[in-house]
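Shown next, in structure tokens, is the structure this report addresses.
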Amino acid sequence: MTLGLPGHLARDSLSRSLVHAGHCAAWVCLGVTAVVGASSGAVDGDPVGWLRAIIAVGLALLLGLVARYPTVTLTLLYLAAGSAAILGLAMVVMEAGSRFENTNNLVLALPMTALLLVGGAGSGSAIAITWAAFGYALGEAAAFLGSTLVGSEWAPNAAAATALTLVVLIRALDGISRRSDQRRKTGLHRASQQTRELAIRHDYELRATARLHDTALSHLVAIAAAGSGPVDERLRIGIRQDLGLIVGRDWAVDHTPLEVGRGRHDRPLALGGRRAAGIDGRMPDPAGSAAAVGAGARTFEAAYTAAANAGLRLRVTGDESALAALGPTRAEALDAAVAQCLVNVARHAGVDEAELAVGLGGGEVTVAVMDSGAGFDEREVPEDRIGLRTSIRARIENEGGAVRLWSTKGIGTTIVLTVPEGGE
Amino acid sequence: MNRMRLTQQEADPIGGIAAAPIVTMGAVVAMALSLALTISHWHEVVSPVAAVTALALVGAAGIIAAVAAAPSRAPFTTERLWLVVTLAVGAAIAEYVSTVGNDRIVYDDFGPIVIGALILVLAPFCTWRSLLLAGVLASVVLSVLVIGSPNTVEPSAPLPALVAVNCAAVLSMSAAAAGYSYAIIDETLAWQRQANRAALHHDAELRAGIARSVQQSRVSVLGREVLPFLAGVMTADRISVTDADRARELAEALRRALKAGLESTWLDDLAANLQLARDIDVVVDDAMGLAAELGDDQRAALSALVSWLAEGDRAVEIRVGISSDGIARRIAVAAVAGASPPSRRDLDRFAAVARAVAMRADVAITRENVAVEFSHVPG
């Protein structure tokens, strides 16, 4: 991403950069002052020249400290030391017989400019202009005092005044341009975030559609091609095998069984936190399941217990960790409803095995309980049979969920329980 | 990104646009100073032609700097910096010639100040290295003038001191320019690293929670329809004609969804979102899905423009067409102006941003229509 500074950072970042620019210029001014002093000391044998060079270097180091730690104390210390240096320099360069007519000369302009470029503590154009003006005033005052003490003429230093004017103009323009708030109006950062989100969502949709397409299309085409007539057993088995993939699935997530290939789900699988117990007569182990889905995850303890008590073999497919997306009460209600479904299978279906498909997707947790038993017609269920209506439907609907049931006598029953994520 | 090769204009395009008036201001200050100083030391002038030439060169350097830094001519190239500095150095030489042998003090020479000021105001458009190099090379030329000026009547001073003093203005302002350029790039890159980390984190969170946020998406709705239908068929005794028709419908819907997903890009989704949120027509014509080829920054620049046009009654209809001539990609954004049509200045801001992300940009605006055209060659 190269789309620049956001509005809320621009003020401080630009301010710091302008202060840094001023410091760089000030260091050059002090460096030139040191060179001029050292030249005077080396070429003319003037010991004061060396002293000027040393003072200039000292000021440059002090400015380094201000740059590193921009506190009010250090800023004032630098201004005080700089004023003293200008005072001394003015006394030296403006003494009797000086080559300069007044204090409007380049030798004094350099440290005076360095003084007003202090930057100083704080951020923003107004504070920066205040510090610069303060530095300029102190420099001029020191030059005035120094020249007065040696009895020479004082004149405002034009170079320092020009430097101050430039600082004020640049700072003022910076403040004005930021006030127009172009960064917020352009909305680059918002657009950048939005396009990333759009791309991710688009990718999700595409992958999800492709997977749903791969999983369900063949069945739909087979049904469409079959026309009216009995359901082909191979088709029924195929749908049953794939229903675990379709139930409440997060379609964008790679589901390994899909890549493994359809029709292999009767093998025991334990893949990446998803668990499927094979039709091997063994009960799923709640403890093992809990370990598999991670700490704090929930399992169908009541359902497993009910199945075990009823002597029902259970095959679990899908993503059992989906239960972790539910609040404890909702998970408990779902568990109890599934347990009641399994009790019904054991009591009425006339089979000793059932399937459980679990999934999370579309903001819902879905569980399908399937058997190939006797089947029934819900309308024919007597009123006194409260299991389906109360223990299953009421429980789930209380949690904002839904129960759908398909059953055909002699073929089997599928109950799909769906509850929204979250809950108490 | 390398901070040695980056300019503020590239790293922070809006900052570059905001800095453009400072260049004009610097050019005006340079011209005013050179005029004032020429008048103040006119008695030293021995060649009025050279003095006038110096002023003309300052004017030319200032005008070129201001024009070259205008957002409509972004990006500012290094060649433009060298042209401006060469003209300014030419002005300094002409000024030297105008007072040769009669220059009482170098303090009131405008050459170094003009060079320094122009380098300083161009800081947002150049790398810190080129700014420093320009300042050092200009100082070398000025030093040669001082060293080769035996007839100067400057109060006697050691030559190193004289050279240092004469170059002080150029060197200090070039150092300021380089310091600014370095610091703002440093600040911008630091923010961008932070922003990129946050964006990656946000992307990861978005991917993790996307199922929840797209409950009403096509695939979720479709999935919810397919599941009960297949479950119903699985437990049914017979397949009815209605079932077969329904299966055909669902299969067709699945195919259509997959085809639409494959053919569309993030730009179609953006248009759909804007159309829904702003209630204006946003039409995308990108049959080849070329929007997917755009880089992140280019997408952001285009997205920012389209979103901005869709807001605040600026447009009643927006059309985005992307085409290819085999090499270059052309993105044409055309809008029918709304009750508060955009100004050219506003659009220039987006054009400058586009230029900062390696796209050519042209803006055409009439009372009824707005047309912005981007073009780029995929890397």
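Values computed for the structure shown
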item	result
Candidates A:Ser177, A:Ser123 - the one that is assigned to a loop (DSSP other than H, G, I, E, B), open to solvent by 20 Å² or more (accessible area, probe 1.4 Å) and within 14 Å of chain B (Cβ to nearest Cβ)	A:Ser123
Tabulated pairs, the stretch A:193-206, first more than 12 Å from B:Asp268 (Cβ to Cβ), second open to solvent by 40 Å² or more (accessible area, probe 1.4 Å) and modelled with pLDDT of 80 or more, C-beta under 9 angstrom, 6+ apart or interchain	A:Gln194/B:Asn273; A:Thr195/B:Asp296; A:Arg196/B:Asp296
Total residues in the stretch B:332-358, condition open to solvent by less than 10 Å² (accessible area, probe 1.4 Å) and either within 14 Å of the chain's Cα centre (by Cα) or away from chain A (no Cβ under 14 Å) (or both)	7
In the stretch A:185-221, the residues that are among the charged types (D, E, K, R) and either over 27 Å from B:Ala253 (Cα atoms) or in the same structural domain as A:Ile237 (by TED's automatic domain parsing) (or both)	A:Lys185, A:Arg190, A:Arg196
Qualifying residues in the stretch A:388-417 (those that are open to solvent by less than 10 Å² (accessible area, probe 1.4 Å) and more than 7 Å from chain B (Cβ to nearest Cβ)) - the one nearest to A:Glu233 (Cα to Cα)	A:Leu417
Residues satisfying the stated conditions in the stretch A:332-361, i.e. open to solvent by less than 20 Å² (accessible area, probe 1.4 Å) and among the acidic types (Asp, Glu)	A:Asp335
Filtered residue count, the stretch A:205-228, keeping only those that are at the interface with chain B (Cβ under 7 Å from one of its Cβ atoms) and open to solvent by 10 Å² or more (accessible area, probe 1.4 Å)	11
Number of the exception - B:Val363 against (1) closer than 21 Å to A:Leu188 by Cβ; (2) modelled with pLDDT of 85 or more; (3) within 12 Å of another protein chain (Cβ to nearest Cβ); (4) open to solvent by 10 Å² or more (accessible area, probe 1.4 Å)	(3)
Every residue from the stretch A:1-18 that is more than 30 Å from B:Leu294 (Cβ to Cβ), more than 7 Å from chain B (Cβ to nearest Cβ) and open to solvent by less than 30 Å² (accessible area, probe 1.4 Å)	A:Ser15
Test: residue in the stretch B:49-62 that is within 17 Å of B:Gly16 (Cα to Cα), hydroxyl-bearing (Ser, Thr, Tyr) and within 36 Å of the chain's Cα centre (by Cα)	no
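Per-residue answers, yes or no, for (1) assigned by TED's automatic domain parsing to the domain that holds A:Trp154; (2) buried (at least 24 other Cβ atoms within 10 Å of the Cβ); (3) among the aliphatic types (A, V, I, L, M); (4) under 52 Å from the mean Cα position of the chain (by Cα):
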{"residue": "A:Ile54", "(1), (2), (3), (4)": "yes, no, yes, yes"}
{"residue": "A:Leu63", "(1), (2), (3), (4)": "yes, yes, yes, yes"}
{"residue": "A:Thr73", "(1), (2), (3), (4)": "yes, no, no, yes"}
{"residue": "A:Ala81", "(1), (2), (3), (4)": "yes, no, yes, yes"}
{"residue": "A:Leu89", "(1), (2), (3), (4)": "yes, yes, yes, no"}
{"residue": "A:Glu95", "(1), (2), (3), (4)": "yes, no, no, no"}
{"residue": "A:Asn104", "(1), (2), (3), (4)": "yes, no, no, no"}
{"residue": "A:Thr113", "(1), (2), (3), (4)": "yes, yes, no, yes"}
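Table: residues versus (1) at pLDDT 90 or above; (2) open to solvent by 20 Å² or more (accessible area, probe 1.4 Å); (3) in the same structural domain as B:Tyr180 (by TED's automatic domain parsing); (4) over 30 Å from B:Leu159 (Cβ atoms).
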residue: B:Met1; (1), (2), (3), (4): no, yes, no, yes
residue: B:Pro21; (1), (2), (3), (4): no, yes, yes, yes
residue: B:Ala54; (1), (2), (3), (4): yes, no, yes, no
residue: B:Ala69; (1), (2), (3), (4): yes, no, yes, yes
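The values are calculated or read from the model by the stated rules, or taken from the named source; none is laboratory data. Worth saying up front: this structure is predicted, and the values here are computed from it rather than measured. Methodologically, a virtual Cβ is constructed for each residue, glycine included, from the backbone with ideal geometry; neighbour enumeration extends over all protein chains shown. The area values use the complete protein model at the heavy-atom level, side chains included, leaving out ligands, DNA and RNA. Shrake-Rupley method; radii C 1.70, N 1.55, O 1.52, S 1.80 Å.
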